[in-house]
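The values are calculated or read from the model by the stated rules, or taken from the named source; none is laboratory data. None of the values given here were measured: they were computed from a predicted structure. FYI the Cβ positions are ideal-geometry reconstructions off the backbone, even for glycines, and counts take in every protein chain you see. Side chains are part of the model used for accessible areas, which takes the heavy atoms of the whole protein and leaves out ligands, DNA and RNA. Shrake-Rupley method; radii C 1.70, N 1.55, O 1.52, S 1.80 Å.
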Amino acid sequence: MRTLIAQSFSLEDVSKLRHVVAEHAESCGLHGPRLDDFVLAVHESVVNAVEHAGGYGRFRLYTVDGVICSETRDQGAGIPEPYVNGGKRPSDSSYTGRGIYLIRRLCDAADFRTGPGGTTVLLTMRLPRRPGPDARGRMRRIRVTAPGGRPFGRFTA
């Protein structure tokens, strides 16, 4: 596990935290729509803590086993049960309920642990596989021969 960010946050930190998350996620290999989706989901989890759980929280961003994870913690009263599921799209006239709905659709996985002592939101996104030594496949064995078809020394590649 590699921790990229671990910090407390409040309303004043939301915008800067969003930019820092984007930079770290991009440096880990997320790009394009997957980067945008992850950053927006993280932003929603942080904004929810600020807006609904006392104005502050604790944030951690880390990578483990080819996955980037964010953990947003607060000490609010918990998320009401109808919102935790987040399975039903809020109506167009609704002023609340979009954050969790979006979070669940933007990330590969979203886990909400909530109760009267606070909420922890864990978001995960698979990272693209980085090219490694086997990225081009195995090298073929080539025998080098001299003119006339005789082996040129004992060189093989």
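A few points about this structure:
- Under 13 Å, Cβ to Cβ, from LEU127 - net charge with Lys/Arg +1 and Asp/Glu -1: +2
- Area accessible to solvent at MET1, 1.4 Å probe radius, in Å²: 150
- Sorting ARG34, ARG60, ARG89 by accessible area puts them as ARG89, ARG34, ARG60; the probe is 1.4 Å, largest comes first, and only protein heavy atoms count.
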